[in-house]
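Colleague: First the structure, then my questions, so here it is.
The values are calculated or read from the model by the stated rules, or taken from the named source; none is laboratory data. Model, not experiment: these values are computed from the prediction. FYI the Cβ positions are ideal-geometry reconstructions off the backbone, even for glycines, and counts take in every protein chain you see. Each accessible area value is taken on the protein alone, full model and side chains, heavy atoms only, with ligands, DNA and RNA left out. Shrake-Rupley method; radii C 1.70, N 1.55, O 1.52, S 1.80 Å.
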Amino acid sequence: MSVIIELKGMGKTFTTSNGSVTALDDINLQIEKGEIFGIIGLSGAGKSTLVRCINFLEEPTSGSVIFKGKNLGTLSQKDLRASRREMSMIFQQFNLLEQRNVLRNVTFPLELVKTDRKKAEEKAMQLLKIVGLDDRAKAYPSQLSGGQKQRVAIARALASDPEVILCDEATSALDPKTTKQILELLKKINKEMGVTVIVITHEMKVIEAICDKVAIIDSSHIAETGPVSQIFASPKTPIGRRLILGDDSRHDEIHEHLEGARKLRLVFEGSTYGEPIISALSKQCNASVNIVFANLNQVEGRTVGQMVIELPEDSIQQADIISFLKARAVKFEEVKS
């Protein structure tokens, strides 16, 4: 795949009455055409500013945004508007026009570029069929559920034939069942239409469900980035471990509780999916192990994550367990108490 969006040393500083505030600092990312790329971080980390800089709704104060080989910061206003039409956006609160029915909401971007009304309506109906709402074309936003409103927003985003869809917390206002349906729809659009999808979220379950790659943003910087399975299996940074493995205080309590006991952290990267490793280990080594902590996720049909186990006191059994793990190619490291 080729790179469709590249951020090089990008930064954004806001000037306020209390002085300058750095929202983004030295952001470097490459997003490939046709992938679903997730950007995750805690509230205030800079996620929403980042997505708005990608399509120049916010102009970066440093660095550059390269879209399809063009530096957006060097384009004329006319060319910039043309590039923006290739990057549609979906918001948390849907942003539908309440005075327009569903059909007219979807045709709105087409009206802005003076598309023939009949052609615009035909296209809008095709898009509403894709999102499963062709039977609600004459309904108004006030008559729709949250999930239906987001489907209309997705259809509207597709009206301009974008190469990229930017989703800014697009499922945060939805219940879990509806969130799953919207994510499945985005995945379908990505697969069948080849649209690159960039997902901004604070929820790991969204990343787990839909994304190919993920970047973790923390305090205006990119903390780490890589394939979802790799990041989930072995987060390298404190913020990565916090988002994926849970509250750090839990790990402190575990270590305090097991002070003096020998512990191993097992890392699962999908290769052992479906194998009852701990059960097989206990039988083959004739040893019982205590599972202290586990955070395992299903990513693309594979099990990824980490597990901390306490080894028995017997040194021979410990050696047998370590030999077993090596023979099964299970990655592990010793956890210091």
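Colleague: So, in the stretch 165-185, how many residues would count as being surrounded by fewer than 22 Cβ atoms within 10 Å (Cβ to Cβ), under 23 Å from Thr49 (Cβ atoms) and out of contact with any Gly (no Cβ under 8 Å at 6 or more places or on another chain)?
Modeller: Residues flagged as surrounded by fewer than 22 Cβ atoms within 10 Å (Cβ to Cβ), under 23 Å from Thr49 (Cβ atoms) and out of contact with any Gly (no Cβ under 8 Å at 6 or more places or on another chain) within the stretch 165-185 amount to 3.
Colleague: From the list Lys47, Lys8, which residue is surrounded by fewer than 19 Cβ atoms within 10 Å (Cβ to Cβ) and not small (Gly, Ala, Ser)? Spell out how you get there, then give the answer.
Modeller: Values: Lys47 fails: surrounded by fewer than 19 Cβ atoms within 10 Å (Cβ to Cβ).
Checking each option against the conditions leaves just Lys8.
Colleague: Kindly indicate the residue of the stretch 188-218 that is open to solvent by 50 Å² or more (accessible area, probe 1.4 Å) and in contact with a Gly (Cβ under 8 Å, 6 or more places away or on another chain) and also farthest from Met10 (Cα to Cα) among those meeting that condition.
Modeller: His202
Colleague: Let me ask another. Quick check: is even one residue across the stretch 73-94 closer than 20 Å to Ile222 by Cβ and of a type in the set (Gly, Ala, Ser)?
Modeller: Yes - at least one qualifying residue is present in the stretch 73-94.
Colleague: Another question, then. Which of (1) surrounded by 16 or more Cβ atoms within 10 Å (Cβ to Cβ); (2) closer than 30 Å to Val3 by Cα; (3) among the small types (Gly, Ala, Ser) does Gly147 not meet, given it meets every other one?
Modeller: Here Gly147 meets the rest and fails (2).
Colleague: Could you count how many residues in the stretch 80-107 are surrounded by fewer than 20 Cβ atoms within 10 Å (Cβ to Cβ), under 29 Å from the mean Cα position of the chain (by Cα) and farther than 17 Å from Ile165 by Cα?
Modeller: The total comes to 1.
Colleague: How many residues does the stretch 281-297 contain that are modelled with pLDDT under 75 and either of a type in the set (Ser, Thr, Tyr) or open to solvent by less than 60 Å² (accessible area, probe 1.4 Å) (or both)? Even if it seems obvious, please write down each step before you answer.
Modeller: Within the stretch 281-297, the subset modelled with pLDDT under 75 is 295-297.
Then drop every residue that is not either of a type in the set (Ser, Thr, Tyr) or open to solvent by less than 60 Å² (accessible area, probe 1.4 Å) (or both), which leaves 295, 297.
Of the residues in the stretch 281-297, 2 are modelled with pLDDT under 75 and either of a type in the set (Ser, Thr, Tyr) or open to solvent by less than 60 Å² (accessible area, probe 1.4 Å) (or both).
Colleague: As an exercise: evaluate Ile216 against (1) closer than 20 Å to Val164 by Cβ; (2) of a type in the set (A, V, I, L, M); (3) touching a strand residue (DSSP E or B) at 6+ places or on another chain (Cβ under 7 Å) and give the number of the one condition it does not meet.
Modeller: Of (1) closer than 20 Å to Val164 by Cβ; (2) of a type in the set (A, V, I, L, M); (3) touching a strand residue (DSSP E or B) at 6+ places or on another chain (Cβ under 7 Å), only one is false for Ile216: (1).
Colleague: Of the residues Ile278, Ile309, only one is at pLDDT 85 or above, out of contact with any Asp or Glu (no Cβ under 8 Å at 6 or more places or on another chain) and open to solvent by less than 50 Å² (accessible area, probe 1.4 Å); which? Quick ask: steps written out before the conclusion?
Modeller: Numbers: Ile278 fails: at pLDDT 85 or above.
Criteria check complete, one pass: Ile309.
Colleague: In addition: Mind telling me which of the residues Thr74, Thr61 ends up being over 16 Å from Ser172 (Cβ atoms) and free of Cβ contacts under 8 Å to residues at least 12 places away in the same chain?
Modeller: Details: Thr61 fails: free of Cβ contacts under 8 Å to residues at least 12 places away in the same chain.
Being over 16 Å from Ser172 (Cβ atoms) and free of Cβ contacts under 8 Å to residues at least 12 places away in the same chain holds for just one of Thr74, Thr61, which is Thr74.
Colleague: Okay, next question. Name the pairs: first residue in the stretch 273-301 and farther than 18 Å from Arg328 by Cα, second residue at pLDDT 75 or above and of a type in the set (Phe, Trp, Tyr), Cβ to Cβ under 6 Å, at least 6 apart or on different chains?
Modeller: From residues that are farther than 18 Å from Arg328 by Cα, the pairs are Asn297/Phe232; Val299/Phe232.
Colleague: Ile66: open to solvent by less than 60 Å² (accessible area, probe 1.4 Å), modelled with pLDDT of 90 or more, farther than 30 Å from Gln143 by Cβ and touching an Asp or Glu at 6+ places or on another chain (Cβ under 7 Å), yes or no? Quick ask: steps written out before the conclusion?
Modeller: Values: open to solvent by less than 60 Å² (accessible area, probe 1.4 Å): yes; modelled with pLDDT of 90 or more: yes; farther than 30 Å from Gln143 by Cβ: yes; touching an Asp or Glu at 6+ places or on another chain (Cβ under 7 Å): yes.
Yes, satisfied.
Colleague: Where in the stretch 222-263 are there helices (runs of 4 or more DSSP H), lying fully within it, with 1 or more residues that are surrounded by fewer than 16 Cβ atoms within 10 Å (Cβ to Cβ) and at pLDDT 80 or above? Quick ask: steps written out before the conclusion?
Modeller: Numbers: elements: 228-233, 238-245, 248-257.
The helices (runs of 4 or more DSSP H) meeting that bar are 238-245.
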